[in-house]
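As structure tokens, the structure follows; a few thoughts come after it.
Each value in this text was obtained by applying a stated rule to the coordinates, not by laboratory testing. Everything numeric here is computed off the predicted structure, so don't read it as measured data. Because the Cβ atoms are built from the backbone with ideal geometry, glycine has one as well, and the counts that use them run over all protein chains shown.
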Amino acid sequence: MLDGFHILTLTHRDAALETLAHAIVPGENTVATLENLKASMGWEELLYLATCNRVTYVFYTQEPSAADLAEQTLRLIRPELSEEIVQETASRMRLLHGNDAVTHLLEVAASMDSLVVGEREIIRQLRQAYDQSRDWQLTGDHLRLLMAFTIETAKEIYTHTGIGRKALSVVALAFGEMQKKQLQPQARLLLVGAGETNALFAKFLEKAGYRNVTVFNRTYEKALNLANAHQWRALSLDELAFYSEGFDALIVCTGATSAIITPELYQQLLAGETGKKVVVDLSIPHNVARETTQVFPMDYIEIEGLKETASQNLAYREQEREKAAGLIQERIYAFRDRWHERQIERALAHIPEEVKAVKDRAIHEVYGKEFAQLDPQAQDLVLRMLGYMEKKCVAIPIKAAKEVALRGKNQAKRVSLSA
Ligand SMILES: NC(=O)c1ccc[n+]([C@@H]2O[C@H](COP(=O)([O-])OP(=O)(O)OC[C@H]3O[C@@H](n4cnc5c(N)ncnc54)[C@H](OP(=O)(O)O)[C@@H]3O)[C@@H](O)[C@H]2O)c1
């Protein structure tokens with residue numbers, strides 16, 4: 001029933017990045033190239049998706065696919081490629097049909113096929129690719145239906161499984177560890193460095209409600225920008241050596257290649273306090289000197305220590321992938337039903353127009369003379385009766401078709417349950 005859906009794809013699973021690049025439509029003439037591909041192949045609809053770890057052509061056609069479809073596609077989109085490269089790239093591409101194609105797209109959207117399992121970014125990329133292909137008028141009703149269903153299913157999978165739940169990024173993991181130390185929202189936080197990593201860390205801090213944060217950076221303007229974005233305080237890195245207000249947590253992440261937080265500086269930052277502090281160091285190499293971590297009592301969070309949690313979280317996501325696969329198998333039946341119903345709707349779409357035309361012909365042509373001789377009340381009654389008949393006549397075939405579809409659906413369910 002889903003025979004018209006197909007996918008031709010090349011992913012990180014089957015090819016190195018440089019091979020992947022051969023299947024990408026060149027940027028200069030993307031629309032014309034895709035239009036040409038669609039027309040030459042006789043595809044009714046086409047959706048093109050290119051991300052850093054996959055190139056995917058989703059297409060709809062009831063015609064059988066040629067055995068060398070991958071080669072033909074590559075020759076059309078990249079005529080400059082040598083035959084050797086075409087053959088090598090095509091041999092790594094996968095061509096999927098019907099159920100397998102729909103299943104694959106659902107798996108891609110649920111990030112089960114991603115380099116990092118559970119990375120939600122793919123949903124945004126898929127949506128964007130669809131919007132783009134639709135705006136280029138490459139897609140139609142079949143892919144519209146498939147895409148809506150795909151996004152809905154992916155969301156369901158993220159909600160009902162833990163596939164994207166446990167953190168994998170260094171920043172998220174470090175923040176998670178810091179949160180285990182149960183700092184109060186008014187805790188005094190020192191953020192050293194205002195680069196990309198700390199900017200990301202800052203977002204987690206803001207979301208968790210930390211208000212008392214001082215940002216230090218070598219370039220003062222960058223400290224100011226980051227601090228202003230969260231209504232915190234900014235100071236230049238030079239002022240760290242004179243800072244005397246004490247702190248509860250120190251978060252350090254800069255590109256400095258030698259330690260910034262020496263034992264002497266740390267002693268100064270303690271401002272006479274002796275309690276255990278939380279220190280986060282995400283820099284490579286470490287910005288907190290080893291002696292500092294050895295001499296002072298602290299909960300020290302650094303990249304090496306996060307690896308263990310990262311691999312446990314990855315294992316958890318992998319395990320959740322199986323649950324997601326089960327959900328997809330169930331959802332495929334729902335898509336078949338939805339697609340079938342839509343085909344019925346489309347096949348019957350002309351009926352209301354035709355019934356209305358019959359009614360109009362009766363009034364104006366077949367019984368035109370007799371109708372004109374009736375008095376206004378009689379004309380009104382005839383029009384109301386015909387209007388009633390029109391509505392009922394339109395509903396009859398739609399109801400009958402839905403009953404047939406329902407019988408088919410129940411029969412298919414019985415077969416699948418007894419299998
Ligand atoms: N393990 C991981 O997954 C991971 C991920 C991300 C980052 N990191 C590490 O985190 C550190 C920062 O990365 P980033 O992406 O945030 O870099 P970034 O965006 O380039 O920012 C670098 C930051 O470090 C400061 N900086 C550079 N050299 C310095 C020096 N000699 N002394 C004092 N400050 C200096 C810069 O200050 P200015 O504004 O004055 O230039 C800026 O605030 C690097 O060590 C990186 O390897 C690790």
Taking only the alpha carbons of the chain, the radius of gyration and the largest Cα-Cα distance, Dmax, both in angstrom, are 31.7, 109
Rounded if a/c is under 1.5, else prolate if a/b beats b/c, else oblate: with a ≥ b ≥ c from the C-alpha gyration tensor eigenvalues square-rooted, which is segment 1-136? rounded
For residue 303, project a label point 7 Å along Cα to C-beta. Then give me every residue of segment 216-239 with its amide nitrogen under 20 Å of that point. 218
Length released on extending from residue 52 to residue 12, taking residue separation times 0.36 nm less the Cα-Cα span: 13.5 nm
Using Cα-only point scatterers and the Debye equation, what is log10 of I(q)/I(0) for segment 107-254 at each q in 0.08, 0.11, 0.12, 0.21 Å⁻¹, rounded to two decimals? -0.37, -0.60, -0.67, -1.16
Simple label model, 7 Å out from Cα along Cβ direction - residue 322 to residue 258, nm: 5.3
Relative contact order (%) - segment 170-306, alpha-carbon pairs under 8 angstrom, separation at least six: 25
Cross-link candidates for residue 323: which lysines have Cα within less than 26 Å, leaving aside residues fewer than 8 places away along the same chain? 155, 166, 307, 409, 413
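Once you order the gyration tensor axes a ≥ b ≥ c over the Cα atoms, which shape class does segment 96-149 get: rounded for a/c under 1.5, otherwise prolate or oblate by comparing a/b with b/c?
It is oblate, given that a/c is not under 1.5 and a/b is not larger than b/c.
To check you understand DSSP bridge types, tell me what percent of the beta bridges within the chain (both residues inside) are antiparallel, rounded to 5.
If I count the DSSP bridges inside the chain, around 45 percent turn out antiparallel.
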Could you let me know the centre-to-centre spacing of segment 127-178 and segment 55-103, using Cα atoms, in angstrom? 24
Net charge dipole size for the chain [Lys, Arg +1 and Asp, Glu -1 on Cβ; Debye, nearest 20]: 1500
Would you mind ranking 97, 22 so that the residue whose beta carbon has the fewest other beta carbons within 10 Å leads the list? 97, 22
Quick note on 205, 270, 237, ordering by fewest other C-beta atoms within 10 Å, gives 270, 237, 205
Near residue 356, which lysines are there with a Cα under 29 Å away, not counting those fewer than 8 places off in the same chain? 369, 391, 392, 399, 402
For segment 309-383, what is the convex hull (Cα atoms) projected area averaged across all directions, in square nanometres? 9.5
Everything considered on the Cα gyration tensor (a ≥ b ≥ c; rounded for a/c under 1.5, else prolate if a/b is larger than b/c, else oblate), segment 170-306 must be described as rounded
